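Novice: Before we start, here is the structure in question, set down as structure tokens.
The values are calculated or read from the model by the stated rules, or taken from the named source; none is laboratory data. Everything numeric in this text was worked out from a predicted model, so none of it was measured. Neighbour counts run over all protein chains shown; Cβ positions are idealised from the backbone, glycine included.
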Amino acid sequence: MKLSELFSLLCMSCSTGLVHAADIPLAADDLSVYVGRYPFDIVGGYSFFENPKVVAALDGFAGPGTADWVDDLDVGTPIAQQADGLIAAACEAHNCGNNNAALAISVDGRLIALCVFSKEGDLGTMPGQIHWVGVSLDRYIDPPEGGGGCPRDADEFLEAYAKAIR
């Protein structure tokens, strides 16, 4: 067999394999399967904050270890969908006002915005300041007068995010 024939045969077998791989449904990659669930519910083998797409988005924008820190928060509200984005919020059990986070991420895994608050400055953030991170966004702002840090639900998130990008 000539080298060119071998190459053609190899290309045909590779392209056949690619066709079969392309036929696999991508539903598992769509983060909308988490809508209405708590961030710590297991879906497809992962909690929301452990999902590889969420981990990559958080650690990619806010630095290594961010996804682990957020995942270690023990209390969360059900994940909500707004247009093509999901909003999730979590806080530390019995210490919600001092350590909390909220994020908006597209259903395909692109970070829209992340809010992180740690009264003690965990993750290297400024202690007692709300840190907003996202595309063209890396900003610290003062917490609301009553304290508490990041928003706790979708409506609060949208309002706080609008203020953060001004």
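Novice: Here is a list: TYR46, TYR34. Which entry is without any contact (Cβ under 8 Å) to a residue 24 or more places away in the chain and surrounded by 14 or more Cβ atoms within 10 Å (Cβ to Cβ)?
Specialist: On the way: TYR34 fails: without any contact (Cβ under 8 Å) to a residue 24 or more places away in the chain.
That would be TYR46, the only listed residue that is without any contact (Cβ under 8 Å) to a residue 24 or more places away in the chain and surrounded by 14 or more Cβ atoms within 10 Å (Cβ to Cβ).
Novice: Of the conditions (1) of a type outside the set (Gly, Ala, Ser); (2) more than 21 Å from SER32 (Cβ to Cβ); (3) part of a loop (DSSP other than H, G, I, E, B), PRO78 fails just one. Which one is it?
Specialist: (2) is the only condition that PRO78 fails.
Novice: Still on this structure, I have one more. GLY128: assigned to a loop (DSSP other than H, G, I, E, B), more than 18 Å from the chain's Cα centre (by Cα) and surrounded by fewer than 23 Cβ atoms within 10 Å (Cβ to Cβ), yes or no? Spell out the reasoning first.
Specialist: On the way: assigned to a loop (DSSP other than H, G, I, E, B): yes; more than 18 Å from the chain's Cα centre (by Cα): yes; surrounded by fewer than 23 Cβ atoms within 10 Å (Cβ to Cβ): yes.
Yes; evaluated as a whole, the condition is true for this residue.
Novice: From ASP138, ASP155, grab the single residue that is closer than 16 Å to ALA62 by Cβ and not in a loop (DSSP other than H, G, I, E, B). Step through it out loud before you land on a result.
Specialist: Values: ASP155 fails: closer than 16 Å to ALA62 by Cβ.
Every option except ASP138 fails the conditions.
Each row is one residue, and each column tells you yes or no for (1) within 21 Å of GLY128 (Cβ to Cβ); (2) touching a Cys at 6+ places or on another chain (Cβ under 8 Å).
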{"position": "ALA62", "(1), (2)": "yes, no"}
{"position": "GLY65", "(1), (2)": "yes, no"}
{"position": "ASP68", "(1), (2)": "no, no"}
{"position": "ASP72", "(1), (2)": "yes, no"}
{"position": "ALA89", "(1), (2)": "yes, yes"}
{"position": "ASN95", "(1), (2)": "yes, no"}
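Novice: Collect the residues in the range 81-94 that are part of a strand (DSSP E or B) and closer than 12 Å to LEU31 by Cβ, keeping them in residue-number order.
Specialist: The first filter runs over the range 81-94 and keeps only residues part of a strand (DSSP E or B), leaving 81-82, 85-91.
Selection gives GLN81, GLY85, LEU86, ILE87, ALA88.
Novice: Moving to a separate point now. May I ask you to list the residues in the range 145-162 that are surrounded by 12 or more Cβ atoms within 10 Å (Cβ to Cβ) and under 14 Å from GLN129 (Cβ atoms)?
Specialist: Filtering the range 145-162 down to residues surrounded by 12 or more Cβ atoms within 10 Å (Cβ to Cβ) leaves 148-158, 160-161.
Residues satisfying the conditions are GLY148, GLY149, CYS150, ALA160.
Novice: Does the range 21-35 include one or more residues that are touching a Leu at 6+ places or on another chain (Cβ under 9 Å), under 30 Å from VAL116 (Cα atoms), in a loop (DSSP other than H, G, I, E, B) and modelled with pLDDT of 95 or more?
Specialist: Kept after step one, since they are touching a Leu at 6+ places or on another chain (Cβ under 9 Å), are these residues of the range 21-35: 31-32, 34-35.
Those still in the list that are under 30 Å from VAL116 (Cα atoms) too: 31-32, 34-35.
Subset that is in a loop (DSSP other than H, G, I, E, B): 35.
Now narrow it down to the ones that are modelled with pLDDT of 95 or more: 35.
The answer is yes, given that some residue of the range 21-35 is touching a Leu at 6+ places or on another chain (Cβ under 9 Å), under 30 Å from VAL116 (Cα atoms), in a loop (DSSP other than H, G, I, E, B) and modelled with pLDDT of 95 or more.
Novice: Only one of (1) out of contact with any Asp or Glu (no Cβ under 8 Å at 6 or more places or on another chain); (2) part of a loop (DSSP other than H, G, I, E, B); (3) crowded, with 20+ Cβ neighbours inside 10 Å is not met by GLY97, so which one is it?
Specialist: (3)
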